[in-house]
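Have a look at the structure below, then the notes.
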Protein chains: 2
Amino acid sequence: MPSVSGLENAVAAETNLSHVDGLAGELIIAGYPLEELAPNATYEQSLYLLWHGQLPDAQQLKDFSDQIKSLQQLPDVAMYVLEQAAAKSLPTMDALRMAVSTLSVTDPAPEDNSLESNRARAIQLVAKAPVIVGNYWRMKNGQAALEPKEELSQAGQFLYLIHGEVPDPEFVRALDTYWSTIIDHGLNASTFTARVITSTESDMFSAITGAIGALKGPLHGGAPGPALDMVFEIGKPENAEAYIRNMFDNGERLMGFGHRVYKVRDPRADVLAQASERLFDKAGDRSLYELALAVEKTALRLLEEYKPGRNLQTNVEFYTALVLHGIGLKSEIFSSVFAVGRIGGWAAHVLEQMENNRLIRPKSEYVGPTGRTWGAT
Amino acid sequence: MPSVSGLENAVAAETNLSHVDGLAGELIIAGYPLEELAPNATYEQSLYLLWHGQLPDAQQLKDFSDQIKSLQQLPDVAMYVLEQAAAKSLPTMDALRMAVSTLSVTDPAPEDNSLESNRARAIQLVAKAPVIVGNYWRMKNGQAALEPKEELSQAGQFLYLIHGEVPDPEFVRALDTYWSTIIDHGLNASTFTARVITSTESDMFSAITGAIGALKGPLHGGAPGPALDMVFEIGKPENAEAYIRNMFDNGERLMGFGHRVYKVRDPRADVLAQASERLFDKAGDRSLYELALAVEKTALRLLEEYKPGRNLQTNVEFYTALVLHGIGLKSEIFSSVFAVGRIGGWAAHVLEQMENNRLIRPKSEYVGPTGRTWGAT
């Protein structure tokens, strides 16, 4: 039977960008094992690596960062749709999709679909995305939008807008690690969306707008919020066992564990666990980190007991929640923080697809009626 | 070698909506062969058929049409982005993508992703799309936007906005046939985009916004404009042979012929050829229709001579151009007229995907470097 398919076994692209080895639990970003790259690179470095195939030298990094910084101002049309969205308290992912889509209005050559024009669009997107989400968060919470501070890095800028003050360098380091961790991850549904749109020879803004729409879905953008809520509700390490047993007994799903691709521990979980340990260490209070570790340990033991052989492991969401909470972000905005970082990866895939394109058009299997005639109705 | 793939042989969905048999040259829309449905149905009837699995009776059709008509007013935020886009003469597809994305702002329950809410969004989209494109066309051409006339059908409304007067019923009939012809067509790239976005459990507006972005690409939205330009440039039937031979000798691509799926004549070409014959007959001047027929006949003969065995046949674009030109539309807007009609099919696929969902996530094949280390750079 040609059943409904998630295309699990289909190969839809060759890529130089990232390699997800779900059985080995390895993630490679443009040649670097994740654990080499993410603790060390700024987001700008990771972005340059993805877009150019190698890390920048000092001058290249400065030029690249300066170019991004010069493009952070939002056009009026984007600000207007953000105001309208904020007045209705729309989810941040909707606001981001709407604002990104309007960037065509200030495109200097909207009908030019050359690789060069689309590279310029990619830089626009990366520069503006943190400002869109940061200022939308302010507006939605009744605060005035702020002018971006041109001296700040991408991560610094985003945290500045959210918190209204220049952030602690440790917060910036943690967000650089988070964004470098999630910047790209094979052909996930949003990246695939961007490539399908691109495959018709459409433009960068159309592709990224579509990808944001895909990432909005809870099966993709995920559940770091609920994973964190669980940790807070458990409250103390000694409560973990009873709480989680109770969840299993009630047939509830444990958030933050299990992944469609990874059959061993998600390598991103390790990198973010270390980043959160560093963050909470520096802040001088390890208690939430220790609690999360205890919850994770108990959860893994009980998953093996209740779902033996399923081999469900900690996924990226569990420690994402801890890192993002540690830098002062609310769970309501987690998906959008993910999107801001992932835009760099989407853009890299769009450019890669443009360089070696074939229209992506699978088949459907028709299971409906046939042979109806107009007169017989 | 796992080469770059267009997923040609992958089955990504089961569907009750349409069946494309490329070898037999058949298209079935919810049980009806295209040639039964498209010459007879209004767009509203075809839409109801796709969304409900059967044609409406008279009362159902009235209720459905009335509901659509009551939702044609555009919200201020959509009008604002259209004005901004018009000021920059943006392509209509970009304006449509931007305006559709803003519809979340007036959504009565933006965080409710139930099937019922998404059905309501589908009706909003269908009702507003012709008004968005029709009024954007006016604004882009320096004319004031018009209030939709509530007594008009979808096709009538669109032509009213474009031309500024209540249209000839033959024009409305031709547009109903065109939209019923292109309302759905298996898993083309834009429909597939809508289903991938939906598969993450995202919402209708996100999915349709993404699909519009995909349809914008010339490999999908196609080339009815250039096909028509060629007919005009040929000018007289007796010029066709020399003109087309010259194109082949210069290595130029003949627009309006060949299709990735259809290996015989595209059934949509037949239906639209008949619609254009009727249209030009009623208008009392068959000359353009006769010219197009002569160009088609010559083109098919020379395609067989220059590209023997390739079996390149007339596709939907060739007669699309003739029908849309016949009802007074400029080729610049053809892709958007296609999009307005296809929105009904996209929405049907989104709802179908929601009813039986699985995350769509194919694989990529990594062909980049490995084993890089941070310190070594």
Quiz item: What number goes with the only condition from (1) outside any loop (DSSP other than H, G, I, E, B); (2) hydrophobic (A, V, I, L, M, F, W, C); (3) within 14 Å of chain A (Cβ to nearest Cβ); (4) surrounded by 23 or more Cβ atoms within 10 Å (Cβ to Cβ) that B:ILE360 does not pass?
Solution: (1)
Practice problem: Looking for whichever is touching a helix residue (DSSP H, G or I) at 6+ places or on another chain (Cβ under 6 Å) and farther than 29 Å from B:LYS236 by Cβ here; the options are B:VAL323, B:VAL350, B:VAL295. Which one fits? | Solution: B:VAL350
Quiz item: A:ALA214: assigned to a helix (DSSP H, G or I), buried (at least 22 other Cβ atoms within 10 Å of the Cβ), modelled with pLDDT of 95 or more and not basic (Lys, Arg), yes or no?
Solution: yes
Quiz prompt | Candidate set from segment B:222-257 (those that are without any contact (Cβ under 8 Å) to a residue 24 or more places away in the chain and charged (D, E, K, R)); member that is nearest to A:ILE212 (Cα to Cα) | solution = B:ARG253
Practice problem: Determine if segment A:255-267 includes at least one residue that is in a helix (DSSP H, G or I) and buried (at least 18 other Cβ atoms within 10 Å of the Cβ). | Solution: yes
Quiz item: Got a number for residues in segment B:188-201 being crowded, with 24+ Cβ neighbours inside 10 Å and either in contact with a strand residue (DSSP E or B) (Cβ under 7 Å, 6 or more places away or on another chain) or closer than 14 Å to A:LEU215 by Cα (or both)?
Solution: 9
Quiz prompt | Positions within segment B:137-146 being at negative phi and without any contact (Cβ under 8 Å) to a residue 60 or more places away in the chain, in sequence order | solution = B:ARG138, B:MET139, B:LYS140, B:ASN141, B:GLN143, B:ALA144, B:LEU146
Exercise. Scan B:THR177, B:THR191, B:THR181, B:THR209 and give me the residue that is of a type in the set (S, T, N, Q) and either at pLDDT below 95 or more than 13 Å from the chain's Cα centre (by Cα) (or both).
Key: B:THR209
Practice problem: Pairs only if they're at least six apart or on different chains, beta carbon under 7 angstrom, first in segment B:148-176 and surrounded by fewer than 24 Cβ atoms within 10 Å (Cβ to Cβ) and part of a helix (DSSP H, G or I), second of a type in the set (S, T, N, Q) and modelled with pLDDT of 95 or more; list them, first residue then second. | Solution: B:VAL172/B:SER153
Exercise. Return the residue satisfying two criteria in turn: it lies in segment B:78-117 and is crowded, with 22+ Cβ neighbours inside 10 Å and of a type in the set (Ser, Thr, Tyr), and of such residues it is farthest from B:SER335 (Cα to Cα).
Key: B:SER104
Self-check item: From the options A:ALA299, A:ALA273, A:ALA227, residue that is part of a helix (DSSP H, G or I) and more than 16 Å from A:GLY326 (Cβ to Cβ)
Solution: A:ALA299
Exercise. Please go through segment A:202-221 and pick out each residue that is among the β-branched types (Val, Ile, Thr) and either facing chain B (nearest Cβ under 7 Å) or within 12 Å of B:ILE212 (Cα to Cα) (or both).
Key: A:THR209
Practice problem: Select from segment B:1-45 the residues that are of a type in the set (D, E, K, R) and in a helix (DSSP H, G or I) and write down the one among them that is farthest from the other protein chains (Cβ to nearest Cβ). | Solution: B:GLU44
Practice problem: Working carefully through the options A:GLY345, A:GLY375, find the one that is at pLDDT below 95, part of a helix (DSSP H, G or I) and within 14 Å of chain B (Cβ to nearest Cβ). | Solution: A:GLY375
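The values are calculated or read from the model by the stated rules, or taken from the named source; none is laboratory data. Remember, predicted model here, so these are calculated numbers, not experimental data. Every residue, glycine as well, gets a Cβ built from its backbone with ideal geometry; the counts of neighbours run over all protein chains shown.
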